[in-house]
Structure formats: structure tokens, C-alpha cells
Amino acid sequence: MTSLDTDVVVVGGGVTGVAVLRDLALRGVRAVLVERFDLGTGTSGRWHGLLHSGARYAVRDQESARECIEENTVLRRIAPHTIEDVGGLFVLLPGDDEAYAGQFVDGCRASGIPTEELSAAQARRREPLLAPGVRLAYAVPDGGIDSWGLLRSMAADAEARGCRVLVRHPVVGVERDGDRIAAVRVHDRVAGEDRLIGCQWVVNAAGPWAGEIGRMAGVPIRMIAGKGVMVVMASRYVRGVVNACRKPADGDIIVPQHEVAVLGTTSVQVDSPDDITVAPADVDRMVDMCAQMVPSIASGRVLRAFAGSRPLYQPESADGDSGGGDTREVSRTFTVLDHASRDGLANMLSIVGGKLTTCRQMAEALVDRLAERMGVTEPCRTATEPLPGADHGPHRLAAPLAAVEREVAYGELVCECELVTRDQVRAAVAGGLTELEDLRRKLRLGYGPCQAAFCAWRAAGMLAEGRPEGSEDALAGLERFLEERWRGQQATTWGDQARQALLNHAIYRGTFDLRGAGRPDEAAAAGLAPAEPGEGDPTTRVGSELVGESNGRTSSKAGG
Ligand SMILES: Cc1cc2nc3c(=O)[nH]c(=O)nc-3n(C[C@H](O)[C@H](O)[C@H](O)COP(=O)(O)OP(=O)(O)OC[C@H]3O[C@@H](n4cnc5c(N)ncnc54)[C@H](O)[C@@H]3O)c2cc1C
């Protein structure tokens with residue numbers, strides 16, 4: 001077993017853990033972050049992409065609302081390159097409660113969130129596809145944010161300052177010495193061996209899995225896995241974020257993200273954060289509810305659906321759970337747990353709850369506490385120190401096309417939907433990326449309407465050329481990648497997307513003889529059943545759906 005020593009081990013490579021690592025790095029503390037898969041493969045890659053103004057919480061949860069508006073301002077300053085400054089509307093539809101609109105405006109004012117009331121005509125000038133019945137709207141400073149871009153920038157900054165990031169290193173145990181943790185045991189999934197990381201301190205930033213890390217360390221942390229389903233439409237529909245101006249409920253938000261729109265979401269307590277299954281009924285509900293705000297969504301092309309689990313914390317003092325049902329009543333604010341005073345474990349702190357928008361503030365609160373315990377006097381600088389890439393300015397959707405116009409060339413395209421070029425893939429592989437899923441997260445390869453019909457096999461070939469000897473077989477990697485794409489489409493395959501699935505099937509099964517027996521990393525780790533041979537094969541299912549047998553949407557969508 002190899003070993004390594006550091007001052008702080010941070011567990012979890014979501015936005016919270018990476019923000020903690022960067023904060024430690026800026027204060028000159030040696031730290032190593034360990035993540036079981038890749039950065040952003042937990043909740044931080046399974047969310048809407050909304051840079052909250054806080055307005056969603058202004059009526060019910062003003063502490064969260066205030067945290068959001070503060071961090072909305074900070075992130076625009078330190079990470080503009082990850083943000084699309086699209087703004088947001090809360091729209092009042094026929095039948096919505098006007099009294100709620102009053103509470104909404106009061107709540108925003110009390111939380112420090114600027115709002116501007118727009119007439120129906122003004123709102124439709126901003127959002128031409130809004131339902132004709134919209135009565136009025138409130139404009140708020142919502143935005144879009146790319147979590148993978150944010151994660152990469154924060155991690156790069158931390159690494160440049162001497163901290164380390166170990167991906168594909170799940171924590172499998174902790175070595176306790178009395179009331180202290182002496183070392184964290186991780187499994188190096190690439191080398192296939194365990195490693196011990198000796199440390200002075202441990203930070204548990206494992207999001208909805210924080211309870212599992214707590215169990216390994218012998219301390220109780222009650223987390224509630226609050227699953228939310230999101231639906232991806234094949235185009236944006238809206239210029240900015242559109243929310244329903246009513247008590248948060250299913251299907252009340254549309255977030256434009258890169259070339260697509262994300263519809264959200266449900267909020268249901270599940271047994272495990274690894275439950276990321278999507279029921280077709282949830283997809284139908286999201287589409288129907290969001291179509292009340294933007295009617296053309298009802299006849300639009302649904303690309304895929306996915307789910308994530310909110311890292312909701314249940315304090316020990318609270319009774320029971322959220323009743324196994326809607327988890328919207330659980331506060332979205334965050335808590336730092338110091339296990340010394342709480343549980344008699346001297347050198348571990350946990351950070352639980354919160355939002356992606358508030359990750360930096362969460363990290364600051366935790367590292368302030370840790371620094372005090374460590375005797376580090378360096379103050380937090382993460383709110384003022386821009387991240388690498390910030391000098392590019394705000395993210396603009398049209399930037400890739402503008403580059404094509406400027407250079408009068410597309411480059412040699414590997415992924416036509418997302419304009420990913422051969423040079424970009426080559427550079428990413430040369431920079432150390434080894435899996436198609438990594439290329440997807442970095443370059444958006446395979447995200448577009450064709451769901452990787454052509455780019456995955458092209459990129460798999462490039463990866464195979466660039467890979468060190470003995471690394472994963474190219475076809476096995478391709479198969480895993482396609483399984484993940486297919487998993488996202490299982491509940492959404494009708495109409496045009498069904499035709500696309502049939503084409504993809506013909507390419508991958510017909511040409512490469514891939515049979516869909518692989519399973520994605522996350523599903524494998526969650527112990528989900530491997531796909532049966534043929535289950536990844538869309539022919540039977542898609543064929544029947546096209547003729548209207550199984551999906552409620554089929555009859556209305558098949559001709560779309
Ligand atoms: C449906 C939905 C929509 C949302 N929408 C928004 C939104 O629009 N705006 C917003 O601001 N927030 C949103 N959120 C909340 C936001 O996504 C989360 O608060 C945030 O991503 C949590 O980040 P995290 O780092 O705490 O957790 P995670 O991102 O889950 O990170 C925890 C990490 O720990 C790793 N891990 C687990 N076990 C181990 C182990 N044994 N060893 C090593 N690593 C381990 C996991 O793999 C994971 O990467 C949404 C959440 C959901 C579910």
C-alpha cells in the first residue's frame with residue numbers, strides 16, 4: 001500500500017469540496033482532495049444550472065435567499081467566465097394567487113434581492129414565447145452557471161497553489177487513533193490498490209453522501225436525499241430563466257443552458273442519493289407544467305432526463321424525516337458541523353446543505369472554523385481573488401460560432417452539435433483526460449440533439465491513439481459512455497428523439513457490434529443492476545413507443 005501525508009484531507013469533489021480546497025490553498029494550507037469518480041459527478045453535475053438570485057426562497061426561506069443574492073454578486077465578480085448573465089422572470093399565470101405575488105415582492109425586498117415589475121406586454125417583449133395568459137412578471141438577477149467550468153477553475157487554482165486533487169479515489173475507510181482520525185484510506189481505482197493518506201484534519205464535503213463518510217468515521221450525520229428530476233429540451237425556448245410566481249412546486253422553472261433548456265424539478269425524499277432513476281410520469285409532468293409558462297414546450301423535442309439528490313441536512317434536534325414525501329420544506333441553508341464539540345471526534349468537520357450558488361460562502365464558513373482550530377491566521381480571500389479564466393469575461397452562448405466567423409473555419413469537427421473540434425479533443429487528451437465522460441464534461445462532447453451519434457466513436461478513436469498502454473479498452477469505454485447517454489433517454493424516447501435513437505442504434509450496434517451490456521461508473525457504484533444484454537438496445541422499446549404502446553406522450557409526440 002502506498003501512502004501520502006498532508007495537513008487536510010477534503011472528501012468530495014463537488015463544488016463544496018473544491019471550494020474548500022481552493023480556500024485552504026489561498027490560506028497556504030497543504031491539502032489533498034479525494035473524489036470517488038470525477039469532479040462534478042455527484043449533485044454538482046446533476047442540477048439545473050441556475051445561478052440563484054435567491055428569489056425562489058424569498059417567501060419561505062429568507063436565510064437561504066440572502067446567502068444566494070450575496071454569492072450571486074460574488075460569483076459574477078470572481079468567475080464571470082462560468083456565468084451566462086441572462087436574468088430571470090417570475091411570471092404570474094391565470095389562476096395563480098396574487099397574494100403570493102405580494103409576499104414574493106416583500107420577501108425579495110427583505111432579502112436584498114432587486115425586483116422590477118413588468119407588465120404582460122413588457123414580459124413578452126423579453127420572452128416572446130411566454131404564454132399569452134401571463135398576467136405580469138417580476139424581473140430578478142437570476143443567471144446561468146456552468147458547474148464544470150467553475151469546478152475546473154477552482155481546482156486549477158488550488159493545484160497551482162500546491163494542493164492536490166485525486167479523482168477516482170473513493171474513501172473506503174478511516175484509521176482512528178483514539179479521538180482522532182490518523183489517516184484516510186482511499187482506493188486508487190486506476191492502480192487498483194488502497195492508499196493511506198495520513199493527515200491532521202479531515203473535511204467531509206461529500207454532499208448527500210456526507211452521512212456515509214460520517215459512518216466510516218463513527219459519527220452520526222442525518223442526511224435526507226431529496227431527489228429532483230430534470231428534463232432537457234433540444235433548444236433553449238427562453239432567453240433568460242423563467243420561474244412560476246407561486247409556492248415552489250414541480251415543473252415551475254425553465255433554465256436556458258448552453259444550447260438547451262432544462263425544465264425542473266421534483267423534490268422527493270428517496271432512500272439513497274444514488275437513486276437517480278427517472279420515471280416517464282415525471283417527464284410528462286415537467287413538460288406539462290412548464291408548458292403552462294411556455295406553451296411551445298408541449299410540442300418540443302425532449303432530449304433526455306436526469307436526476308440528482310439535494311444534500312439536505314436534518315439536524316439531530318429535528319423530529320423524524322420529511323415524511324418520505326416532498327422535501328421542499330427542508331431549509332436550503334448550510335451548516336458546518338464541528339465533530340469535536342458535537343461527537344468527541346477531535347479533527348473532523350463536515351459541511352452539509354446549501355446550494356451550488358453558495359458553495360464559496362460555505363467553504364469560507366468551514367475554513368474559518370478550521371483555520372481557527374489549526375491556528376492559521378491568514379484571512380479568506382476567495383471572495384475577491386478572481387479565478388483562472390475570469391479575464392475572459394462573461395460566458396456568451398454565441399462565442400463558438402463567433403470564433404467560426406472570425407476564423408472563417410469550423411475547424412475539423414468531431415462533435416457537430418456542440419462545435420467540438422479535433423484540436424480541442426487532442427489538447428484535452430494530451431492534458432491527461434482518459435475517458436469519454438471526461439471529454440463530455442470538459443468539452444460538452446455528445447450533449448447535443450444527436451446524443452453522440454457520430455462524435456463518441458470519433459473521440460474514442462482519438463482517445464485510443466493517445467492513451468498509455470494498458471489503459472481501458474476503447475470499445476469498453478465507448479460502451480459505458482453510450483449506456484450513460486441511453487440511461488438519460490429511457491424515459492424520453494418518442495417522436496424525433498426516438499428516430500434519433502434508432503439511428504444511433506444502427507450505428508453502434510450495426511457498425512461496432514455494441515450490445516449495451518456495459519454500465520456507467522455511477523450506476524455500477526450505486527449497485528444498480530447492470531443492463532441486461534439488449535436493454536441498452538433501443539429497438540424493441542423505441543419501436544413499440546413509436547407505434548404508441550407505452551408512453552403517454554407517444555400519441556401526441558410521435559409525429560413531432
Ligand atoms: C434537482 C436539483 C436541482 C438543483 N438546482 C440547483 C440550482 O439550479 N442552483 C443551485 O445553486 N443549486 C442547485 N441545486 C443544489 C446543488 O446542486 C447542490 O447544493 C450542490 O451541487 C452540492 O454540491 P456538493 O459539493 O455539496 O455535493 P456533490 O456535488 O454531491 O459532491 C459530493 C461529492 O462527494 C463524492 N463522494 C461521495 N462519497 C465519496 C467517497 N466515499 N469518497 C470520495 N468521494 C465521495 C461524490 O462522488 C460527489 O462528487 C440543485 C440540486 C438538485 C438535486
- Query: Average projected area of the Cα convex hull of segment 209-291, in nm²?
  - Reply: 6.9
- Message: As an exercise, identify the trypsin sites (Lys or Arg not before Pro) in segment 158-264 lying in DSSP coil whose Cβ has no more than 15 other Cβ atoms within 10 Å.
- Response: Arg189, Arg222, Arg239
- Item | Label-to-label distance, nm, for residues given as Glu316 and Tyr410 (7 Å Cα→Cβ offset) | 6.1
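Accessible area per residue, 1.4 Å probe, Å², for the chain: what's the number?
Details: 21760 Å² over 560 residues.
Spelled out: the 1.4 Å probe surface of the chain, per residue, equals 39 Å².
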- Given charges at beta-carbon only (K, R positive; D, E negative), |dipole| of segment 33-154 in Debye: 220
- Share, in percent, of DSSP beta bridges within the chain that are antiparallel, nearest 5: 70
- Query: In a Debye calculation with equal point scatterers on the alpha-carbon sites of segment 1-79 and no solvent, what is log10 I(q)/I(0) at q = 0.12, 0.16, 0.25 Å⁻¹?
  - Reply: -0.48, -0.78, -1.17
- Run a plain Debye calculation on segment 73-115 (Cα atoms as equal point scatterers, no solvent) and give log10 I(q)/I(0) at q = 0.19, 0.20, 0.28 Å⁻¹, rounded to two decimals, same order as the q list. -0.74, -0.78, -1.00
- Taking only DSSP H segments of four or more residues, each worth -39500 (n - 2.57), what value at 222 nm results for the chain once the sum is divided by all its residues, to the nearest 500 deg cm²/dmol? -10000 deg cm²/dmol
- Could you rank Asp513, Asp275, Asp23 by how accessible they are, 1.4 Å probe, largest area first? Asp513, Asp275, Asp23
- Task: Round to the nearest 10 and report in Å² the accessible area of Leu397, as given by a 1.4 Å probe over the protein chains' heavy atoms.
- Result: 60
- Message: What figure, in Å² to the nearest 10, do you get for the accessible area of Trp457 with a 1.4 Å probe and non-protein molecules left out?
- Response: 90
- Glu159 to Arg125: FRET efficiency via 1/(1 + (r/R0)^6), r the Cβ-Cβ distance, R0 41 Å, to the nearest 0.05? 0.35
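Based on the Kirkwood radius over alpha-carbon pairs, what is the Stokes-Einstein translational diffusion coefficient of segment 81-200 at 20 °C with 1.002 mPa s viscosity, in µm²/s? Walk me through the numbers on the way to the answer.
Details: Rh = 19.3 Å.
Translational D for this selection: 111 µm²/s.
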- Which of Pro449, Pro386, Ala474 sits farthest toward the positive end of the charge dipole of segment 330-486, with +1 on the Cβ of Lys and Arg and -1 on the Cβ of Asp and Glu? Pro386
- Task: List the equivalent ellipsoid semi-axes of the chain in whole Å, largest first, each obtained as the square root of 5λ for an eigenvalue λ of the Cα gyration tensor.
- Result: 35, 31, 23
- Message: For the pair Arg60/Arg373, report the inter-label distance in nm, with labels modelled 7 Å from Cα in the Cβ direction.
- Response: 3.3
- Can you give the percent of C-alpha pairs in segment 166-304 whose distance is more than 21 Å? 57
- Percent carbon-and-sulfur accessible area, the chain, ignoring ligands, DNA and RNA, probe 1.4 Å: 51
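For segment 326-452, what does the convex hull of the Cα positions come to per residue, in cubic angstrom? It would help to have the intermediate numbers written out before the result.
Values: hull volume 26.7 nm³, N = 127.
Per-residue hull volume (Cα only) is 210 Å³.
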- Which part of segment 229-259 falls in the paramagnetic zone of Tyr100, meaning amide N under 13 Å from the point 7 Å along Cα-to-beta-carbon? 243-253
- Item | Dipole in debye (nearest 20) - the chain, about Cα centre, beta carbon charges: Lys, Arg +1; Asp, Glu -1 | 820
- Among Ala158, Gly207, Val11, the residue whose Cα sits farthest towards the positive end of the charge dipole of the chain, when +1 is placed on the Cβ of each Lys and Arg and -1 on the Cβ of each Asp and Glu, is Ala158
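The values are calculated or read from the model by the stated rules, or taken from the named source; none is laboratory data. Computed from a predicted structure; not experimentally measured. Virtual Cβ from ideal backbone geometry, glycine too; neighbours counted across all protein chains shown. Note: areas computed on protein heavy atoms with side chains; ligands, DNA, RNA excluded. Shrake-Rupley method; radii C 1.70, N 1.55, O 1.52, S 1.80 Å.
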